[in-house]
Amino acid sequence: MNQPLDVAILGATGAVGQRFIQLLDGHPWFRVREVVASDRSAGQRYREAARWVLPGNPPDAVADLPVLPMDAALGSPLVFSALPGDIAESVEWRLAGAGHVVCSNASAY
């Protein structure tokens, strides 16, 4: 693989979303290009929206990304979801229907 695959993280400001971001930081196959969270966080830079609960700080590669709303049209072909089950059901289904590969942490599916 020559260039990392762009990925989006749903629920990016929560603890599980943060863990996804931490694990993908510097990954040779994947690059976090989009972060998605609730309307409360949408429109802010990730570093401002996320109350980082893991050791250290948000990775520099993600810190200045704008937080997108749940209904955003995503450009990343691969989506990692850290959404709660009740929200995941509709959002993940919509994204999968739009052609994204969705890897979910929710029990809904």
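The values are calculated or read from the model by the stated rules, or taken from the named source; none is laboratory data. Fair warning: this is a prediction, and the values are worked out from it, not measured in the lab. A quick note on method: Cβ atoms are made from the backbone with ideal geometry, for glycine too, and the neighbour counts reach across all protein chains shown. Note: accessible area is taken over every heavy atom of the protein model, side chains too, but ligands, DNA and RNA are not part of it. Shrake-Rupley method; radii C 1.70, N 1.55, O 1.52, S 1.80 Å.
Of the trypsin sites (Lys or Arg not before Pro) found in segment 6-51, the ones in coil according to DSSP and having at most 14 other Cβ atoms within 10 Å of their Cβ are ARG40, ARG51.
Using Cβ point charges alone (K and R +1, D and E -1), the dipole size of segment 1-90 about the Cα centre works out to roughly 220 debye.
A 1.4 Å probe run over the protein chains yields, for the chain, 56 Å² of accessible area per residue, whole-number rounding.
Please list, by residue number, every one of the chymotrypsin sites (Phe, Trp or Tyr not before Pro) in segment 1-74 that is coil in DSSP and has at most 11 other beta-carbon atoms within 10 Å.
Sites meeting the loop and neighbour criteria: TRP29.
The simple spin-label model puts a point 7 Å past each Cα toward its Cβ; for SER38 and SER107 those points are separated by 2.0 nm.
Do the sum for the chain: with -39,500 (n - 2.57) for every DSSP H run of n ≥ 4, divided by all residues, what is the mean residue ellipticity at 222 nm, to the nearest 500 deg cm²/dmol?
-7500 deg cm²/dmol
Heavy-atom surface analysis with a 1.4 Å probe gives the chain a carbon and sulfur content of 52 percent of its accessible area.
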